[in-house]
Amino acid sequence: MLLETFAKRLKSVANSLVNNKFIQPYWVEIITQQPSCTYYFGPFDSRAEAKEIQSGYIEDLMAEKAIGISVAIKRCLPTRLTITDEEYFAE
């Protein structure tokens, strides 16, 4: 289900590119202290849509015992959906 939703959202972004009306989509960026990771969830067509669904992602991370969770909604184009500290500093 999650993969299907992700595929539909990517298709929406691709359609925007094809129609030459591309505006960066909204993404939920979640940073955790433990594990030390940055996660991107999206893309979303609106800030409201991203805000509405972000609690589900937070609940999943809390269930996995993540500590120090901070959330931001951003317009961006992440190159990776999960970035660990090791990967970040290796770039």
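The values are calculated or read from the model by the stated rules, or taken from the named source; none is laboratory data. Given the structure is predicted, the values throughout are model-derived calculations rather than measurements. Every residue, glycine among them, receives a Cβ derived from its backbone with ideal geometry; neighbour counts consider all protein chains shown. Ligands, DNA and RNA are stripped out before the accessible areas are found, and what is left, the full protein with its side chains, is counted by its heavy atoms. Shrake-Rupley method; radii C 1.70, N 1.55, O 1.52, S 1.80 Å.
Please indicate, with yes or no, whether at least one residue in the range 46-56 is in contact with a Pro (Cβ under 9 Å, 6 or more places away or on another chain) and open to solvent by 80 Å² or more (accessible area, probe 1.4 Å). No, that holds for no residue. In the range 25-41, is there at least one residue being of a type in the set (Phe, Trp, Tyr) and modelled with pLDDT under 95? Within the range 25-41 (the criterion being of a type in the set (Phe, Trp, Tyr) and modelled with pLDDT under 95), the answer is no, since none of the residues qualifies. Which of (1) touching an Asp or Glu at 6+ places or on another chain (Cβ under 9 Å); (2) among the basic types (Lys, Arg); (3) modelled with pLDDT of 90 or more does Lys51 not meet, given it meets every other one? In the conditions (1) touching an Asp or Glu at 6+ places or on another chain (Cβ under 9 Å); (2) among the basic types (Lys, Arg); (3) modelled with pLDDT of 90 or more, Lys51 misses (1) alone.
When the residues of the range 23-43 are filtered to those that are β-branched (Val, Ile, Thr) and either within 14 Å of Glu59 (Cα to Cα) or touching a Pro at 6+ places or on another chain (Cβ under 9 Å) (or both), the one that is most open to solvent (accessible area, probe 1.4 Å) is Ile31. Can you pull out the residues in the range 28-45 that are within 16 Å of Thr84 (Cα to Cα) and touching a helix residue (DSSP H, G or I) at 6+ places or on another chain (Cβ under 8 Å)? Answer for the range 28-45, where residues must be within 16 Å of Thr84 (Cα to Cα) and touching a helix residue (DSSP H, G or I) at 6+ places or on another chain (Cβ under 8 Å): Ile30, Thr32, Ser36, Cys37, Thr38, Tyr39, Phe41. Summed over the range 57-78, residues that are loosely packed, with under 13 Cβ neighbours inside 10 Å, not in a helix (DSSP H, G or I) and not hydrophobic (A, V, I, L, M, F, W, C) total 4.
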